[in-house]
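Input: a single structure, listed below in structure tokens.
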Amino acid sequence: MDQRAQGAWRIWIDTGGTFTDAVAVSPRGDIGRVKVLSTSALRGTVAAVEGARVRVRQEWGAVDNLVRGWAFRALGDGDGAEIQGFDAAESLIMLAREVALPVGVPIEVVSPEVAPLLAARLLTGTPAGVGLPPMEMRLATTRGTNALLTRTGARMALFVTRGFGDLLEIGTQQRPDLFALNVVKPRVLYEAAVEVDERVAADGSVLRPLSLALLEERGRGLLRAGVRVAAVALLHADRHPEHERRVAASLRGLGFTHVSCSHEVAPFIKIVPRAETAVVDAYLAPVIEGYLESIRRGLGGSGLRVLSSSGGLVDAAAFRAKDSLLSGPAGGVVGARQAARRSDVARAISFDMGGTSTDVARIEVRAGNESSGGLDYVYEHTVGDAHLVTPAVAVETVAAGGGSICGFDGVRPTVGPESAGAAPGPACYGAGGPLTLTDVNLLLGRLDPVRMPIPIDEGAAWAALQAVRGRIPGAERPEDGANDALLEGFLDIAAERMAGAIRRVSTRAGYDPREYTLVAFGGAGGQHACAVAERLGITSILVPAEAGVLSAVGLGAAGIEGDVRLQMLCPLGDASARRGLAHLIEALSSAAHSKVKGLGGGDVAEPRAIVGLRLRGQDSALEVEYSGDLKMHFLERYGAVYGHPPRKIDEIEVVWVRVIASELAAEDAGPVFAGAPPEAGSGGAIASSPRCAYFARWRMVPSLDRGSLRVGAVVDGPALIFEAHGALVLEPGWSARVDPVGALRL
């Protein structure tokens, strides 16, 4: 059913580690956008206190009683109370008890709902305690990624074939860092490995029948210990999955609340990656399912779709935890592809810098509007210590974001990988956080405290800088300019780390970054784009309209996705065998097409077929697009990966086939945020206010509001261009021009 025909809102939300970005289109076609902390908190400062009535300075865009029933507290000392009412016009909060707070103290009000529901209330003007209006919500989230990296998933057990209890502790025996002298093995995600009495041969025949007696005894013991989640990975279950099905049924009968079977999450040969994928899926399933369920309850009967790691939308009820780990970054890549296409950019590198990390990807913008066109994919990838067999957009992530902690490790200055996140956040947020890249940009005059989305304490940022200086021997009393040099050094370190991530998706893969346009977005992307581009020899940068919330905008351009996978293990063979493969792919394409339609998708793009090929006797398969001469494409891919052609071309084997069908994304999918229209004489003098900022030295530079720039306007650097959810630092030697769709071309 077309939600728009029923007068429903369309809301697209990207939940990151620090901020949650949201864009909405109302039933009347009005566009709104909001950025909130991912902790579901809104911040302001005290303007006046009269007993239990607190007047605050805030820019929440809230309606009366939006925050009723929420928790109110002062940052720092935690003095707080429950909110009984809120007058939006007067910015007046009525509390359950009196509080004694001085004027100017930063405060926050915390919603009991998760951040996407808070964003939806702000966008739709729905107060607390009132049901949200009908809507179609699309969601990208890093909830699973954060749980994996912080080891806060579910307590779980692995059930594996007898004799293979230490399979994942041994792993592949590959060292993550070849030259590390102190090798630290990552801990497995499960608490116990239970060996299952069964054995299946490589051809799928049963060597030892399944016995459930001991398994059930161990299962009851785990339940008594509080372990209620399990992953099942049995040898050769890709050929004979019946044993896994019976084990899963037994565990569910005992009372296990979630069971992930390897033949369902990764139905391919190779027990180690198949087992690892099942373990990750089980470990994160309660986290993801609980999170999505809380959103579904808040939405009432409205629809919820989630973006998978491959950039396709999946109904929330069918979403698997294993497909969530690159959900947020995938939304940014889809948004960058759409922005590049609208600005007639043929080759792009997306540069998404948020509060916690920076994600980069290479994009070849194809003609037409196929929803999957132009993106690189991987079918096995690693996130943290976890290795998964599941499709994903090829994204390189580096722990450098606006919240990356800047410090001194005893030898040299450092930036990241630790992040201040949303709580406590950067020092300037006033919640006791450390020095971060956001503070560095603020102290160098490259951010305007008045334009930032939450109250800013510049004094706290200076204090955090001095705390770092206090750890540098001999630098407790800095000489003139020493603070500036240290701050500039932090920017250089961050820029080099981010440039390194771009080299990994371009230079190391055989592509010259100088032939690409850098598409910069995210809350902090515009602040560092010029510095990163200069290190790579990139001379063209695109900063899309609404760059600060582009990952959310990208959700509007994503389509519903359905994929079908089949393991083959047969020779590519002669023409007859290839015709058989063609018929199989045609059948799988029809099944994938039906899957999209069954989920409510519209027109479907031509399905993409990917074939896993290898030489007979090889261990690993190479992914090859199914088109033209498969043998020739395999040999080309082999040479690109290994650096030389195979010495002897033996029989080529088809290991597996995967067909992906995606809903056709229209060129105008999602809102178009155009710049102000061109006028006669546009491109002349531009109104600006000077601001003192550091560019190799302190100087007065133009400070402009991006919304005031008309199509065709040109700005020369150094300059600062501010918008609602981001800032662009235009370095000396760069110029910016507003293109016909409102994007800035640098």
### Task
Output the residue which, of all residues in region 166-187 that are part of a loop (DSSP other than H, G, I, E, B) and more than 28 Å from the chain's Cα centre (by Cα), is modelled with the highest pLDDT.
ASP166
### LEU235 being buried (at least 18 other Cβ atoms within 10 Å of the Cβ), assigned to a loop (DSSP other than H, G, I, E, B) and touching a residue at least 60 places away in the same chain (Cβ under 8 Å)
yes
### Task
Among the residues of region 54-68, write down those that are crowded, with 17+ Cβ neighbours inside 10 Å and not in a loop (DSSP other than H, G, I, E, B).
VAL54, ARG55, VAL56
### Message
With the requirement that a residue be within 20 Å of the chain's Cα centre (by Cα) and part of a helix (DSSP H, G or I), what does region 295-316 give you?
### Response
ILE295, ALA316
### Query
Which condition does GLU244 not pass, out of (1) open to solvent by 10 Å² or more (accessible area, probe 1.4 Å); (2) of a type outside the set (A, V, I, L, M); (3) modelled with pLDDT of 95 or more; (4) in a helix (DSSP H, G or I), if it passes all the others?
(1)
### Query
Are there any pairs, at least 6 apart or on different chains, whose C-beta atoms fall under 7 Å, with the first in region 265-286 and under 20 Å from ASP203 (Cβ atoms) and the second acidic (Asp, Glu) and open to solvent by 20 Å² or more (accessible area, probe 1.4 Å), and if so, which?
PRO267/ASP238; PHE268/ASP238; ILE269/ASP238; ARG274/ASP238
### Task
Considering every residue within region 567-577, establish whether at least one is among the aliphatic types (A, V, I, L, M), closer than 22 Å to ALA266 by Cβ and in a strand (DSSP E or B).
yes
### Task
Of the numbered conditions (1) open to solvent by less than 50 Å² (accessible area, probe 1.4 Å); (2) out of contact with any Phe, Trp or Tyr (no Cβ under 8 Å at 6 or more places or on another chain); (3) in a strand (DSSP E or B); (4) within 17 Å of ALA120 (Cβ to Cβ), LYS35 fails exactly one; give the number of that condition.
(2)
### Task
Having 1 or more residues that are more than 23 Å from the chain's Cα centre (by Cα) and surrounded by fewer than 24 Cβ atoms within 10 Å (Cβ to Cβ) is the bar; report the strands (runs of 3 or more DSSP E) wholly within region 379-440 that clear it.
404-408, 413-419
### Query
How many residues are over 14 Å from ILE660 (Cβ atoms) and buried (at least 19 other Cβ atoms within 10 Å of the Cβ) if we restrict to region 576-600?
1
### Query
Which of the residues belonging to region 689-732 are among the hydrophobic types (A, V, I, L, M, F, W, C) and more than 28 Å from VAL553 (Cα to Cα)?
CYS692, ALA693, PHE695, ALA696, TRP698, MET700, VAL701
### Message
Being among the basic types (Lys, Arg), farther than 11 Å from ILE93 by Cβ and touching a residue at least 12 places away in the same chain (Cβ under 8 Å) is the filter here; which residues of region 20-73 pass it?
### Response
ARG33, LYS35, ARG43, ARG57, ARG73
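The values are calculated or read from the model by the stated rules, or taken from the named source; none is laboratory data. Predicted model, so just to flag it, every value in this text is computed and none were measured. In this analysis, Cβ positions are derived from the backbone assuming ideal geometry, glycine residues included, and neighbour counts consider all displayed protein chains. Heavy atoms of the whole protein, side chains included, go into the accessibility calculation; ligands, DNA and RNA do not. Shrake-Rupley method; radii C 1.70, N 1.55, O 1.52, S 1.80 Å.
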